[in-house]
Amino acid sequence: MTDCLCRFCSTPLSRTFADLGMSPIANAFLSEDQLNRMEPFYPLRAYVCQACFLVQLEDFQAAEHIFNDHYAYFSSYSESWLKHAEQYTEAITARLGLNQDSFVVEIASNDGYLLQYFMRKGIPVLGIEPSGNVANAAKAKGIETLIEFLTTRSAREVVSKRGRADLVLGNNVLAHVPALNDFVEGLKILLS
């Protein structure tokens, strides 16, 4: 039994959905000087909220500890993912009639793997990415990127400076959001 609360509705969580034992934090690779020390392991137990049915893990590390300047995953390392991103850009640009007067924002934009294809079409873009090292890789490609989590505050700042977005994207992000309701409210503020 846990004393944590649902990330969506704040109901106390008590129902285990799946218990996979103990695990280190994903992508928390050890440096050479850490190899002779204990690696922290945490319960990898998914709970289901009995009120809203959201399946979720208990937080053991702050999101800022995981998504930082040492984040290990760069989306551009996968050629098949880049090909998918390029094909998606072609399809959604045609479907929505996006052009140089449009505005596309990607949440958790990583190293700019997706936004680069919109930018090549002359479509204004903005990335919002909390991990500094991958965000800086996007900036090196010329992609404007804010190094932070999307919140209602950051969404309002973007809207006041750039206007509302015609398309807001996010791939594999919702499960990693530290403040779920504030994040979703930020999406509502950001999208035209």
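Here are the numbers for this structure:
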{"read-out": "Residue match in segment 2-15 (condition: closer than 25 Å to D182 by Cα and in contact with a helix residue (DSSP H, G or I) (Cβ under 8 Å, 6 or more places away or on another chain))", "value": "yes"}
{"read-out": "Filter result (crowded, with 24+ Cβ neighbours inside 10 Å and out of contact with any Ser or Thr (no Cβ under 7 Å at 6 or more places or on another chain)) within segment 132-143", "value": "V134"}
{"read-out": "Members of segment 106-129 that are modelled with pLDDT under 95 and either surrounded by fewer than 23 Cβ atoms within 10 Å (Cβ to Cβ) or in contact with a strand residue (DSSP E or B) (Cβ under 7 Å, 6 or more places away or on another chain) (or both)", "value": "A108, S109, G112, E129"}
{"read-out": "Selection within segment 72-104 - surrounded by 11 or more Cβ atoms within 10 Å (Cβ to Cβ) and of a type in the set (D, E, K, R)", "value": "E86, E90"}
{"read-out": "Residue selected from segment 172-192 under the condition touching a helix residue (DSSP H, G or I) at 6+ places or on another chain (Cβ under 8 Å) and not in a helix (DSSP H, G or I), by the criterion surrounded by the most Cβ atoms within 10 Å (Cβ to Cβ)", "value": "V177"}
{"read-out": "Test: F53 is assigned to a loop (DSSP other than H, G, I, E, B), surrounded by 12 or more Cβ atoms within 10 Å (Cβ to Cβ), among the hydrophobic types (A, V, I, L, M, F, W, C) and at pLDDT 80 or above", "value": "yes"}
{"read-out": "Residue count for segment 67-97, restricted to those that are at pLDDT below 75 and either within 17 Å of N171 (Cα to Cα) or aromatic (F, W, Y) (or both)", "value": "7"}
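The values are calculated or read from the model by the stated rules, or taken from the named source; none is laboratory data. Just so you know, these numbers come straight off a predicted model, no measurement behind them. As a convention, Cβ positions derive from the backbone with ideal geometry for all residues, glycine included, and neighbour counts pool all protein chains shown.
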